[in-house]
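Data first, discussion second: the structure below is written as structure tokens.
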Amino acid sequence: MVAYQVEELKAFTQKLFLGGEFDDFLVKEVNIVTFNHFTIDGRIRHGFYTEEERQALGLGEFSSWKLLRPVCFSLIKGRRLPESFRIDFQAGPERVEAFLKERQILSVSKEQITGLYLHIRYEEGKLSCVTGMSLSFFTLDKGIEKEWDQYAGMVLRGMGILWENI
């Protein structure tokens, strides 16, 4: 786990809420505090869709950021900044595969990775991104976790997001 302090708040939030840079991430949970406290559980309610709709839309357990981004943007837009927000992202299957391939990780399969996380936190005028991961097995080896930390930082830089380690 590593924490990155985002240097350019406005540029980051424009990419987050208006651009498509984070659209392939899955959303575990969103908390936004403006005039009220809004909480969004990213789990898809499968009873809402028919099986055919779920297959046609390619829906899994969690909603994509692309689907929830307009809803979240509608909650924060306006003249005043939100008091705070927290977005808990999980890498989707394509990003997990890309991570394993790019980092040439052969010791772990994509099925053994239960989550590659990027937690975005905005509070007291500061925005940070914190990485995390979980595996389906126990290991003392932190190599893959360090690889994810570096990869997430590289992804943020690739999006043009400037950060420094906290």
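The values are calculated or read from the model by the stated rules, or taken from the named source; none is laboratory data. These numbers were taken from a predicted model, which means no experiment stands behind them. Cβ coordinates were reconstructed from backbone atoms using ideal geometry, including for glycine residues, and neighbour counts include every protein chain displayed.
Cβ-Cβ contacts under 9 Å between residues 6 or more apart (or on different chains), taken from a first residue in the stretch 1-23 that is under 18 Å from ILE76 (Cα atoms) to a second residue that is of a type outside the set (Gly, Ala, Ser) and surrounded by fewer than 13 Cβ atoms within 10 Å (Cβ to Cβ), are listed as LEU9/LYS126; PHE17/PRO70; PHE17/LYS77. Quick one: in the stretch 132-156, of everything that is over 13 Å from the mean Cα position of the chain (by Cα) and in a strand (DSSP E or B), which residue is surrounded by the most Cβ atoms within 10 Å (Cβ to Cβ)? Step by step, filter the stretch 132-156, then rank; the result is LEU135. Looking at ILE120, ILE87, ILE113, ILE161, just one residue is of a type in the set (A, V, I, L, M), crowded, with 16+ Cβ neighbours inside 10 Å, modelled with pLDDT of 90 or more and over 29 Å from GLU8 (Cα atoms), and that residue is ILE113. Count, please, the residues in the stretch 16-64 that happen to be of a type outside the set (A, V, I, L, M), in contact with a helix residue (DSSP H, G or I) (Cβ under 8 Å, 6 or more places away or on another chain), surrounded by 15 or more Cβ atoms within 10 Å (Cβ to Cβ) and not in a loop (DSSP other than H, G, I, E, B). Qualifying residue count, the stretch 16-64: 2. Right, ILE166: of a type in the set (A, V, I, L, M), closer than 30 Å to GLU83 by Cβ and either touching a strand residue (DSSP E or B) at 6+ places or on another chain (Cβ under 7 Å) or modelled with pLDDT under 95 (or both) or not? Yes; evaluated as a whole, the condition is true for this residue. Here CYS129 fulfils each of the conditions (1) of a type outside the set (Ser, Thr, Tyr); (2) over 25 Å from THR39 (Cβ atoms); (3) surrounded by 18 or more Cβ atoms within 10 Å (Cβ to Cβ) apart from (2).
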